[in-house]
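Below is one structure, written out as structure tokens; the observations come after it.
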Amino acid sequence: MSRPVVEVFSKRGCCLCKEAKDIIGRVKDEIPFHFKEVDISMNDDLFRRFNDHVPTIYINGKKVFKFKVDEGEFRKKVRKEIIRSGLSRIWSKNHPQSR
């Protein structure tokens, strides 16, 4: 099973960011994925891009939530990415010429 990468663009002191990370943490306890928190205040460009848009959550590079995270939907999206990566691996194994 391949683990999806979940990135949360957030900033310190943001209540919505804390709520989102709490929800993500609960889901991570039952579904394995890589978690990366990006503190936008550490980079001027990211701060300009995301300051009014935190938290923004990506799964495997695709934006899936902004401001609020629905726990049920987040769980579904992570599972979908796990299945998608598994199917891609099977396809690659069975069709080596398409690599």
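Side notes on the structure shown:
- Theoretical gain in end-to-end length, Asp29 to Lys80 [0.36 nm per residue, Cα-Cα removed]: 16.7 nm
- Chain lengthening between Lys68 and Arg3 when straightened (0.36 nm per residue, less Cα-Cα): 21.1 nm
- Packing rank of 18-25, 29-36, where each peptide gets the mean count of other beta carbons within 10 Å, highest leading: 18-25, 29-36
- Taking label positions 7 Å along the Cα-Cβ direction at both His53 and Arg12, the computed distance is 2.4 nm, reported to one decimal.
- 15 Å beta-carbon shell around His53, net charge (K/R +1, D/E -1): +2
- Mean-position separation - Cα centroids, region 23-50 and region 1-18, in angstrom: 2
- Residues of type aspartates and glutamates that Lys66 reaches as a straight line, Cα spacing below 19 Å, ignoring anything fewer than 8 places off in the same chain: Glu7, Glu19, Asp22, Glu37, Asp39, Asp45, Asp52, Glu81
- Here the chain carries DSSP beta bridges of which approximately 55% are antiparallel, counting only pairs with both residues inside.
- Cα radius of gyration and Dmax for the chain (Å): 15.3, 50
Only the coordinates and a few stated rules stand behind these numbers; no lab work does. Quantities reported herein were computed from a predicted structural model and do not represent experimental measurements. A quick note on method: Cβ atoms are made from the backbone with ideal geometry, for glycine too, and the neighbour counts reach across all protein chains shown.
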